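Visitor: Just passing along the structure, written as structure tokens.
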Amino acid sequence: MTDSDLQLVLDCRGGDQLAWQKLVQRYQRLIYTIPLRAGLDQAQAAEIFQDVFTTLFQKLNDIEEPEKLQAWLVTTARRKTWRTISKAERERVVAVSAGQTIHDVEPVVRDERPLPDEQLLLLEEQHRIRLAVSSLDDRCRTLVHMLFYSSEPRSYQEIAAALEIPEGSVGPTRARCLRKLLRILQK
């Protein structure tokens, strides 16, 4: 059985070195990947990784919601990555203004694709929404598909014709269907 983040943080606060090792091991790949995906090199990624976990160690007792540690670590890593990129960009501008050509200064190439964990969460959320939409009644399901899943936007006139309702009823029907969908998602 794996320890929860909450339990690991509590154990770390109590001085448990094994809990600290588990915590670092659990998140090392995720934290190291964030600066790499932003276009930084391995040395910069390693520095940010070290900085994130040093900050975690220093602020371990200040974290108010230890159960949300992953979000805290990702946010911290992104901020430190952003600061590193901003500093590099400022240095690049200074170097160019000091007479170096733009070709002498190495550009930063960013990978904007979501991280694997983010992609998984997005897929899970999309699956949850598809299940909720499929549990709607026929009229609402058709309306939601025409409004949000159709490759080309549909006019209210087309929607009204497909649902066999007056065009002025599309807006209120849409609102009712979206409220139904929200209730299903909240369950």
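The values are calculated or read from the model by the stated rules, or taken from the named source; none is laboratory data. No experiment lies behind these values; they were computed from the predicted model shown. Neighbour counts run over all protein chains shown; Cβ positions are idealised from the backbone, glycine included.
Visitor: Out of curiosity, is residue 73 out of contact with any Gly (no Cβ under 7 Å at 6 or more places or on another chain) and at pLDDT 90 or above?
Guide: yes
Residue by residue, here is whether (1) closer than 22 Å to residue 126 by Cβ; (2) free of Cβ contacts under 8 Å to residues at least 60 places away in the same chain; (3) surrounded by 13 or more Cβ atoms within 10 Å (Cβ to Cβ); (4) in contact with a strand residue (DSSP E or B) (Cβ under 9 Å, 6 or more places away or on another chain) holds:
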position: 136; (1), (2), (3), (4): yes, yes, yes, no
position: 151; (1), (2), (3), (4): yes, yes, no, no
position: 171; (1), (2), (3), (4): no, yes, no, no
position: 185; (1), (2), (3), (4): yes, yes, yes, no
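Visitor: Name the residues in the stretch 38-58 that are buried (at least 17 other Cβ atoms within 10 Å of the Cβ) and more than 16 Å from residue 83 (Cβ to Cβ), would you?
Guide: 53, 56
Visitor: Return yes when residue 69 is surrounded by 17 or more Cβ atoms within 10 Å (Cβ to Cβ) and more than 24 Å from residue 4 (Cα to Cα) and no when it is not.
Guide: Against the criterion (surrounded by 17 or more Cβ atoms within 10 Å (Cβ to Cβ) and more than 24 Å from residue 4 (Cα to Cα)), residue 69 does not qualify.
Every residue, every condition in (1) in contact with a Gly (Cβ under 6 Å, 6 or more places away or on another chain); (2) in a loop (DSSP other than H, G, I, E, B); (3) at pLDDT below 90, yes or no:
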position: 93; (1), (2), (3): no, no, yes
position: 107; (1), (2), (3): no, yes, yes
position: 118; (1), (2), (3): no, no, yes
position: 121; (1), (2), (3): no, no, yes
position: 152; (1), (2), (3): no, yes, yes
position: 165; (1), (2), (3): no, yes, no
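Visitor: Can I ask one more? With the checklist (1) buried (at least 18 other Cβ atoms within 10 Å of the Cβ); (2) modelled with pLDDT of 90 or more; (3) not in a helix (DSSP H, G or I) in hand, flag the one item residue 20 doesn't pass.
Guide: (3)
Visitor: Looking at (1) among the polar types (S, T, N, Q); (2) in a helix (DSSP H, G or I); (3) modelled with pLDDT under 90, which one does residue 2 not meet, given that it meets all the others?
Guide: Result: residue 2 fails condition (2) only.
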